[in-house]
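Note sheet for the following structure.
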Amino acid sequence: MKTFSFDVYDTCYTRFYAKPTDLFYETAIECFNRFNIDIDFNNIKLFAGLRIKAEKKSRIKRSILGYEETNLDAIYDSLSIPNKWGVKKSEFKKVEIELESNKILPINYTISLINSIRKKHDNVVFISDMYLPENIIKNNLITLGIWKNGDKLYVSSEINKTKHSGGLFSYVLDDLSIEASQLYHFGDNEHADFNVPKKMGIHAKLFDPIHLRTREVMTLKGKTSSYLIRSQIASACRDTRLLLLSGTQQNFSLSVFDELASDLISPFLFTFVLWTINESKRLGYTDLYFVSRDGEILYKIAKILSPLLSGPQCHYMYGSRHAWNITDYISKRFNRLKWLEAAQNGLSLSAILNRLHLNISDIENLKPPLSISTDKLLSKKEIKTIIKWLCSDEIHCYLLPKLKKHKELFHKYMEQIGITKSSSPAIVDIGWNLSGLRILNEELSTKHIGGLFFGSFKPNEIDFNNIQCDYLAYFDSRSKGSKAILRYGPCLLIESLFTMSSHQSLTEYSLSPQIEVIPSLNSEDKHDSGLALHHHHIVLSFVDRAIKGGLHTLNAAKLLDIMHEQLISFIQSPLTHEALSFGNFYANAEQVHNTQNSTPLVRSFDFRNTLWLVAKNKINPQKPYYWIEGSIAISPWYYRWFLKVAMLVNKLIKGK
C-alpha cells in the first residue's frame, strides 16, 4: 500500500516573506509597536540577528545532549536581548507564534496534488523539520483546509529526529510499519526532502519552484526602501508565480512572459495604482477615469484597491489619440497639429485624411495644392504643404460639416460617463505626451480635470495652463527627479508588455440605436485578447496576494522606489532569455494602430544598423529599434560588444 508524505513549510504553505528568517524582522516591529518602542531599523535588525544566533546556539547545546533538533522554548532560553528595550523575551515569543499562524498562505499546487491523491489513497502524512510545536503546525494545516481526519503529522521538534539526517524518515517508516519503497515523499529542500529519502529507497520528488527566481532575488537584494518591504514584495511575486502552476505540471516551468508578469509587471502596476489612489485622496479627486487601452488593467486593479482605501469612484473611459485629436482640427487649434504630420514610415495623402476621419471622396471637389497620387509617400515639405492647405479657412469651412459630428459625440460621451458632472475628476493613464489631458481641459473648459500619470517625455514642452497634473518617471538614467523625461522606446515597451489590453483601439465614437454613445473599435488593430486576459489574470492574482499580505497599507512611495529600481534594471540590463522572448511582441508608434505599422519590440542588430546607431547616435527612423537594450542583448556578441563600448564612449563624451 502506498503512503504519501509531504513536507509542510514551503511545500504545503509558505510565509508572507521571501526568507523564513524575515519573519523575525516583523516580530520585532510588532513587539515594538505593542510596547510603544521607537521603531528603529537598527534595533529591528539587531533582534533578527539575535534570534538567528539564538537558534544556532540552541541547536549546538541540544546536539551535545544527543538531540537532532531544537525547539522554540530552547531557542528563547538561548536568546539575549537588550535590557533597554524593557520587553520580556516571552512577549517576542508570543508575537512570533502569532505571526507563524497569521502570516501564512497555502500553496495551491500542493493542495491540488494532495486532494487528487486522497481520491485514490487514504494514507497522507506530513513530515516537518521544524522547531515549532506540533500543535501550531497542525492547527495551521487545519485552518488552511489541508488536514483531514486520519492524517498524521511528524515534527522534528517533538520527535528529536530530522529529515536532514534521515532519522525522522526512519521513525515514520517504523511507525507506519511500511517499507521505504512504499513511501512517496514531496518537499522543497534538495537535501532533506530529496537526496536523503532517495538514498533510503524512498520515492522522492523535489518541489523547487518555491525558491526565488532571478528577478525575485533582485527585488530582495535591491538598495531602495527597507529590507522587510522588499522581502514582502519578493514573496508576493513568488506566490503569484506559484499560482500559475497547474496540477498536471511535472517540471514546474513557466514561460518567460509569465515569470516576468509575476515578478516585475504585476508589482509595478500594483504600486502605480496604489500611488494614484493615495494621490487622488491627497489632491481631493472624487472620480478617477482610467483611459483605454493602457488604463484597462489599471482600472481593474483600482476597482479592487480603491474601496479598501476609501478612495475615489473609478470609471473606465474609452479614449484614443485618433478619436480625441480630431477636436484640435475642428476647434481650429492649428498650433496643436503635430500629431497630423508625425509618422514612423512616412505619410501619404490618404493617411493624413484618415487621421482626420476623412477619405479621398471627401475632398474630390477640392483641388489639393499638389498633384500627387493618394497613396504616394510624401516628403516632409509636401506634408507641411498639405496640412497648411487643410488649415486654410476655405478648406476648414468646407470640411467642418463632415467632421463636427466627431466633436459632438465626444462631448456627449463625456457627459454620458459623468466626467462633466463630477465635482473633482481626474484621468489616469500611463502618460507619455499628456495630450489627452490637454484636449479634455480645452474642450470641457467649464470643468477642471486633473491627471495622474506614470510619466511623460519632454514635459517642459507641454503647456499645462495650470492644469493639476502629477506624474512619476524614474527609470531613465538621463533624468533625475519626480518629473523626468522618458525615452520613447521604454514608453512603447511598457505599453506593449505591461498594460496590454483585451480590446482594440478606439477609432471614433458612434451613436447606437438607443441613442447612446458607444466606442467604435479599430478592426485592423490585430492583437491577442486571450494573452491580454491571461496577463490580467496574473496581475490581479498578484493584487489579491498583495492585499492578503497587507502591501496596500504600506507607503506607496517606498513601494514605487523599489519597483522603479527593478524597472531600470529590466529596461537597461535585460536578461538575454527575457529579451529573446519578446521578439514576437510588436509596438506601434502610429496614431492609427494598423498592423502594418507595427515593429518588433526587439530584433538583432545587423552591420548596417549598428553603424547607423554609432555614427548618428540614433536609430534609423524607417527601421526603429524601440527597445535598444533588449535588441543589443539578443545580438551577436561582436555587435553587442561594439554597441556597448560605443554607447559608453558617447556617454563619457557628453558627460552624462
*Considering only protein heavy atoms, what is the solvent-accessible area of Tyr639 at a probe of 1.4 Å, reported in Å² to the nearest 10?*
50
*Which pairs break 19 Å Cα to Cα here: Lys19/Lys103; Lys53/Lys93; Lys56/Lys221; Lys19/Lys84; Lys338/Lys381; Lys412/Lys447?*
Lys56/Lys221; Lys19/Lys84
*Search the structure for amide H atoms under 5 Å from the amide H of Tyr184, placed 1.01 Å from N in the peptide plane, and list their residues when 5 or more places away or on another chain.*
Thr3, Phe4, Ser5
*May I ask you to compute the full-extension gain from Asp362 to Lys152, defined as 0.36 nm times their residue separation minus their alpha-carbon distance, rounded to one decimal in nm?*
67.6 nm
*Taking θ as phi - 60°, what are the ³J(HN,Hα) couplings along the range 85-93 by the Karplus curve (6.51, -1.76, 1.60), each to the nearest whole Hz, with x for Gly and Pro?*
5, x, 10, 6, 4, 4, 5, 5, 5
_Tell me which trypsin sites (Lys or Arg not before Pro) from the range 46-126 have a DSSP coil assignment and no more than 13 other beta carbons within 10 Å of their own._
Lys88, Lys119, Lys120
_Value of [θ]222 nm, deg cm²/dmol, for the chain, DSSP H segments ≥ 4, -39500 (n - 2.57) each, nearest 500_ = -14000 deg cm²/dmol
_Under 5 Å between amide hydrogens, which residues at least 5 positions from Leu521 or on another chain qualify, with H placed 1.01 Å from N in the peptide plane?_
Thr507
*In square angstrom, what is the accessible area per residue of the chain with a 1.4 angstrom probe?*
45
*Give, to the nearest whole percent, the P(r) tail of the range 1-93 beyond 19 angstrom, counting all Cα pairs.*
51
_No solvent, one uniform scatterer per C-alpha: report log10 I(q)/I(0) for the range 70-125 via the Debye equation at q = 0.24 1/Å, two decimals._
-0.96
*Take every DSSP beta bridge whose two residues both sit in the chain, then give the antiparallel share in percent to the nearest 5.*
20
*Once phi is turned into θ = phi - 60°, what whole-Hz ³J(HN,Hα) does the Karplus curve with 6.51, -1.76 and 1.60 give for every residue of the range 311-324, x standing for Gly and Pro?*
x, x, 5, 10, 9, 9, 10, 7, x, 6, 4, 4, 7, 9
*Using only alpha carbon pairs under 8 Å that are at least six residues apart, calculate the relative contact order of the range 310-380 and give it in whole percent.*
30
*For the range 10-133, which whole percent of the accessible surface, found with a 1.4 angstrom probe, sits on carbon and sulfur atoms?*
50
_the chain: equivalent-ellipsoid semi-axes (sqrt of 5 x gyration tensor eigenvalues, Cα, Å)_ = 57, 27, 24
*Relative contact order (percent, whole number), the chain, Cα cutoff 8 Å, 6+ residue spacing*: 12
*Accessible area of Tyr154, 1.4 Å probe, to the nearest 10 Å²?*
10
*Express in whole angstrom the spacing between the alpha-carbon centres of the range 534-553 and the range 32-88.*
33
*Potential extension, Cys397-Ser310 segment - 0.36 nm per residue separation minus Cα distance*: 26.4 nm
*Compute the length gained on full extension between His448 and Lys199: take 0.36 nm times their separation in residues and subtract their Cα-Cα distance, giving the result in nm to one decimal.*
82.4 nm
*Pop the C-beta distance of Ser181 and Ile142 into the FRET formula with R0 = 25 Å and round what comes out to the nearest 0.05.*
0.25
*With θ set to phi - 60° and the Karplus curve 6.51 cos²θ - 1.76 cosθ + 1.60, what are the ³J(HN,Hα) couplings of the range 151-165 in order, to the nearest whole Hz, using x for Gly and Pro?*
5, 10, 10, 10, 10, 4, 5, 8, 8, 6, 9, 10, 5, 4, 8
*Could you bin all the Cα-Cα distances of the range 330-391 into 5 Å bins starting at 0 and give me the percent of pairs in each, rounded to whole numbers?*
4, 17, 33, 28, 15, 4
*asked:* Can you tell me, using C-alpha contacts under 8 Å and at least 6 residues apart, the relative contact order of the range 286-413 as a whole percent?
replied: 22
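The values are calculated or read from the model by the stated rules, or taken from the named source; none is laboratory data. Quantities reported herein were computed from a predicted structural model and do not represent experimental measurements. Neighbour counts are summed over all protein chains in view; Cβ atoms, including those assigned to glycine, are modelled from backbone coordinates with ideal geometry. Surface areas here come from the heavy atoms of the whole protein model, side chains and all, with no ligands, DNA or RNA. Shrake-Rupley method; radii C 1.70, N 1.55, O 1.52, S 1.80 Å.
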